[in-house]
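Encoded as structure tokens, the structure appears first; notes follow it.
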Amino acid sequence: MVATASILASQPARASDDYPSQPIRVLLGYTPGGAADAVARSITPKLSELLGQPVVVEYKAGAGGAIAADNILRAAPDGYTLHLIDSGTMAILPNVRKVKYEPLKSFALIGMAAQGGLALAVSPSIPANTVPELLKLLKAKPDYYNYATSGVGGGGHVAAELLKMETGTKMDHIAYRGGGPAMADLVGGQIGIGMSTLAPAIPQIMAGPTCGMMLADLGADVIKVEKLPYGDDSRVYTGNSTEALPAPFVMLNRNKRGMAIDLKAPAGQDIIKRMVSQSDVLLENYRKGAMDRLGLGWDALSELNKRLVYCSISGYGRTGPYAEKGGFELIAQGFSGIMSVTGEKGGAPLKSGNSVADINSGVLAVIGVLSALLHRANSGRGQFIETSLIDASLQQMYWFAAMYFQTGKSLSASGSGHPLAAPYQAFKTRDSWLVLGGANQANWERIADLLGHPEWKTDPKFATNAERKNNEDELAGLISEQLSAHTTDEWLARFDAANIPAGPVNTIEQALNHPQTRARNMVIEVDHPIAGKGHALSLPIKFSETPATIRRPAPLLGENTREILREYDFSDGEITDLLSQGVVAEPRPTAS
């Protein structure tokens, strides 16, 4: 759907010598950096030259231009305020119900400026993946759906009203003050249809896919671009399992659409460039220089899309003597010092059981992407952001780094204990293990009383935290002797009653099936066409208005290649050629 931007004056234009001395305003109902802003900035020099007056652009963002219009309508005609508006709005508004103004009557048209497009989006709950499917649904249920736009009178409002006319439906219009809240409710399922852009992702294994998964869970349309011929390396990370598709891949790549592209082929690179020119974000986690060698680095792609947010995750980052090296989780934990403080006192260095660097770098990338998008909303400019496995690992070392900066000494492994407090570690009970947190003086004194040794509170070896750390092994032995008399459940009941922080040391099975875990909806059901029905961890952030949703399973290799290429205006003939040349791939048909 195409709308032409037009310039409207708050009263008929006059000769330049009749204008007041203050600058002429071009009032823009959108945020800086968008298409309308580009149009406004391109015409202001010419307007200034023609009218012999300074011309400035002012922003009244929100509601698809309606806020700017309302500002003009409420003000007395001043002869120097211009308004940039979709002429689709101007031409169609007389046919649209409940619109508060009619530009043809309220403004004087003084010029046409440019063209732009509108996107049609549907809630994840609506079973429609194409416009024909949506039209069919609307005609079948004319009174069932509602639709949202960024405000009354904007181009989206006009387009949606035209859609209503086409389908004969009676959809209710929900007008928001800006497109962001509208899209949030669309993703959350509060509304059905909206008048957003795609985020191509070219990461693999864990760090990048973690970022992509979280963004997808939050509602982004994430396209996972996999290499040919085998796709993401984690597709074969089955461990001891014999399943055809490993559960880690299924979990980390849910909610994403999938493409398979030979990025070494010039035609494959051209596909990415076309996609990026219309996208918000590109995410990749290759070694430094890999994307540049493909012609897909920041310098090249930012020229195609000035609003692009380009996020890179690498092993060592883009600067420093190790910038050219590749990195993995194990290497990052060793480099950052994590392994030196993990394990028992005096023992060999140990890797943390979970993937600290991979997961945390993915989370940091999410923060970076969202921050960059917020900056872009205010400035109109995209930017390059990066993090690394090393950065993400070092960030986990706050306590240890602080103590080194203070004392010049490196702390070493202390088992399950805390580097700065005692008692704060795991203890053996009669039947299993528990963890006990005496991290402050009040908790310590309650522990001493509950264990039947109030004299520990005044013992010089244990009276202060500093002395407890100095005599940590002796104190741990005394506490372990007491705890061995009863079961973990018995002790936890006593600690809870005394308001002492304590908890079980669960197995993975116990943690995932615990009532508290389930009450937090941290375990969700998923269904995959190959892996079948199962469970996964959900997004660990809860929203009152826009909860995360699981809208689709992890893609098969190249599952959505054809669909996405069509969205970017590749013809069926071009797609057939790309498939035959091996530039792209899609799943092979299965025998019936």
- Item | Trp456 of a type in the set (A, V, I, L, M, F, W, C) and at pLDDT 95 or above | yes
- Are there any helices (runs of 4 or more DSSP H) wholly within the stretch 481-592 with 2 or more residues that are in the same structural domain as Arg446 (by the TED database), and if so which? 488-497
- For the stretch 323-356, how many residues meet the condition of being under 18 Å from Glu386 (Cβ atoms) and either outside the structural domain of Asp391 (by the TED database) or surrounded by fewer than 17 Cβ atoms within 10 Å (Cβ to Cβ) (or both)? 5
- Scan of the stretch 294-322 for residues that are surrounded by fewer than 21 Cβ atoms within 10 Å (Cβ to Cβ) and of a type in the set (Val, Ile, Thr), ordered by number: Thr319
- In the stretch 441-460, how many residues are loosely packed, with under 13 Cβ neighbours inside 10 Å and of a type outside the set (A, V, I, L, M)? 5
- Filtering the stretch 256-293 down to residues that are touching a helix residue (DSSP H, G or I) at 6+ places or on another chain (Cβ under 6 Å) and assigned to a loop (DSSP other than H, G, I, E, B), which residue is surrounded by the most Cβ atoms within 10 Å (Cβ to Cβ)? Asn285
- Message: Quick check on my filter: what residues within the stretch 387-401 are farther than 17 Å from Thr342 by Cα and surrounded by fewer than 20 Cβ atoms within 10 Å (Cβ to Cβ)?
- Response: Asp391
- Task: Pull up the stretch 374-386, narrow it to residues that are open to solvent by less than 50 Å² (accessible area, probe 1.4 Å) and touching a strand residue (DSSP E or B) at 6+ places or on another chain (Cβ under 6 Å), then point me to the one that is farthest from Ala207 (Cα to Cα).
- Result: Gly382
- For the stretch 475-534, what are the residues that are in contact with a strand residue (DSSP E or B) (Cβ under 7 Å, 6 or more places away or on another chain), among the small types (Gly, Ala, Ser) and either surrounded by fewer than 12 Cβ atoms within 10 Å (Cβ to Cβ) or over 30 Å from Arg551 (Cα atoms) (or both)? Ala476, Ser480, Ser484, Ala502, Gly503
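The values are calculated or read from the model by the stated rules, or taken from the named source; none is laboratory data. Treat the numbers as computed from the prediction; the structure is a model and nothing was measured. Neighbour counts run over all protein chains shown; Cβ positions are idealised from the backbone, glycine included. Just the protein is used for accessible areas: all its heavy atoms, side chains included, with ligands, DNA and RNA removed. Shrake-Rupley method; radii C 1.70, N 1.55, O 1.52, S 1.80 Å.
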